[in-house]
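Below: the structure, in structure tokens.
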Amino acid sequence: MTAAAGSGHPGGSLSVVELLVAFYFGVLRHNPSDPQWPDRDRLILSKGHGCPALYAALAEAGYFDREILTTLRKLGSPLQGHPDKRHLPALEASTGSLGQGLSIGIGMALAARLDQRSYRTYVILGDGEIDEGQIWEAAAYASFHKLHNLVAVVDHNKYQLDGPVNQILDMEPILDKWRAFGWDAIEIDGHDLREVLPALRRAADARPRAIIAHTVKGKGVSFMENNNDFHGKAPTRDETERALRELA
Ligand SMILES: Cc1ncc(C[n+]2csc(CCOP(=O)(O)OP(=O)(O)O)c2C)c(N)n1
Ligand SMILES: [Mg+2]
């Protein structure tokens with residue numbers, strides 16, 4: 001998809017594939033033929049630049065035709081370079097301006113409480129994204145208000161735009177930070193469905209839950225793995241052929 005577009009974010013898309021597969025095919029209560037079903041679980045991809053993986057999962061789940069996947073980033077396409085809810089009803093939020101998704105998720109979790117609905121709200125955050133101050137105000141707010149229907153998943157792929165997160169603004173110890181903010185925090189291998197599925201399915205307790213998912217940026221393509229050149233650059237034609245061969 002990024003090759004067809006000639007731009008985009010392959011690295012951070014590939015690191016969330018298993019998380020999205022687990023969500024759409026094993027966790028979320030949802031109905032692709034009725035995206036506005038009031039009791040559906042909500043999923044927000046706060047690190048919106050990873051949307052090629054989200055669009056692929058939505059197409060596979062039946063929200064729209066796979067044919068349009070290669071219109072990514074084209075003028076007039078519903079599949080914009082960052083998720084745009086106005087053009088794609090399957091999305092819960094327009095994201096891409098990093099730092100905002102957890103606050104949006106809090107609004108949905110509070111609405112569920114007010115409306116006495118049992119849906120859960122899940123938010124996928126980037127590990128560079130959680131450098132944003134707004135994330136930590138949201139984290140404090142969610143635990144103070146006991147939003148047990150809210151789950152944050154951090155895609156901990158160890159890189160952000162400019163390089164390794166631990167050289168830019170290191171949030172370690174990440175687990176302790178979420179716990180100090182009152183969250184039930186656990187750590188998993190974000191590429192192993194045997195760990196991802198039970199973590200996402202675990203019943204709620206009294207607190208919001210944070211899942212730190214250890215992942216590899218560019219997962220599955222040898223020359224993209226841990227190579228941050230592919231944070232925001234499309235592969236060339238040759239690279240695309242190699243990548244697709246490796247992923248097949
Ligand atoms: C508010 C805001 N600032 C800057 C950017 C530009 N930007 C896009 S991706 C990115 C890095 C994000 O790193 P991370 O959250 O770790 O994402 P991943 O590694 O999964 O790609 C930045 C700074 C943005 N989209 N939004
Ligand atoms: Mg990252």
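The values are calculated or read from the model by the stated rules, or taken from the named source; none is laboratory data. Everything quoted here is computed from the prediction, not taken from an experiment. FYI the Cβ positions are ideal-geometry reconstructions off the backbone, even for glycines, and counts take in every protein chain you see. When the accessible area is computed, the model is the full protein with side chains, heavy atoms only, and any ligands, DNA or RNA have been set aside. Shrake-Rupley method; radii C 1.70, N 1.55, O 1.52, S 1.80 Å.
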Take the range 102-235, compute every pairwise Cα distance, and split them into 10 Å bins from 0; I just need the percent in each bin.
12, 41, 32, 13, 2
For the range 46-70 and the range 176-248, distance of Cα centres in Å
17 Å
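Just the accessible area per residue of the range 107-172, please: how many Å² with a 1.4 Å probe?
Working: 3040 Å² over 66 residues.
So the range 107-172 comes to 46 Å² accessible per residue, rounded to a whole number.
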To one decimal place, what orientation-averaged projected area in nm² is obtained for the convex hull of the Cα set of the range 21-105?
5.3 nm²
Checking the cross-link filter: which lysines have an alpha carbon closer than 23 Å to that of LYS47, excluding same-chain neighbours under 8 positions apart?
LYS74, LYS85, LYS158, LYS177, LYS217, LYS219, LYS233
Evaluate the range 170-248: find the radius of gyration of its Cα atoms, find its Kirkwood radius, and give the ratio Rg to Rh.
1.12
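For MET108, MET224, write out the residues from largest to smallest accessible area, computed with a 1.4 angstrom probe and no ligands counted.
Details: MET108 30, MET224 10 Å².
Largest accessible area first, the residues go MET108, MET224.
Leaving ligands, DNA and RNA out of it, report the carbon-plus-sulfur percent of the accessible area of the range 130-248 at a 1.4 Å probe.
Values: 3180 of 6120 Å².
Ligands and nucleic acids excluded, carbon and sulfur reach 52 percent.
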Within the under-13-Å Cβ sphere about LEU72, not counting LEU72, Lys/Arg +1 and Asp/Glu -1 give a net charge of +1
If you take the beta carbon distance between ARG113 and HIS82 as r and set R0 to 25 Å, what does 1/(1 + (r/R0)^6) give as a FRET efficiency, to the nearest 0.05?
0.30
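Can you pull the percent of Cα pairs in the chain with separation above 30 Å? Spell out each step's value before the answer.
Numbers: 6425 of 30628 pairs.
Above the 30 Å cut-off, the chain has 21 percent of its Cα pairs.
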Using a 1.4 Å probe on the protein heavy atoms only, what accessible surface does ASP34 show? Give it in Å² to the nearest 10.
60 Å²
Treat each spin label as a single point 7 Å out from the Cα along the C-beta direction, and report the THR236 to ASP192 distance in nm.
3.7 nm
Listed residues ASP184, ASP155, ASP127, most fluctuating in the chain (Gaussian network, C-alpha, under 10 Å):
ASP184
Between ASP162 and THR70, what is the label-to-label distance in nm when each label sits 7 Å out along the Cα-to-Cβ direction?
3.8 nm
Grab the Cα-Cα distance for TYR141 and PHE223, subtract it from 0.36 nm times how many residues apart they are, and report the gain in nm with one decimal.
25.5 nm
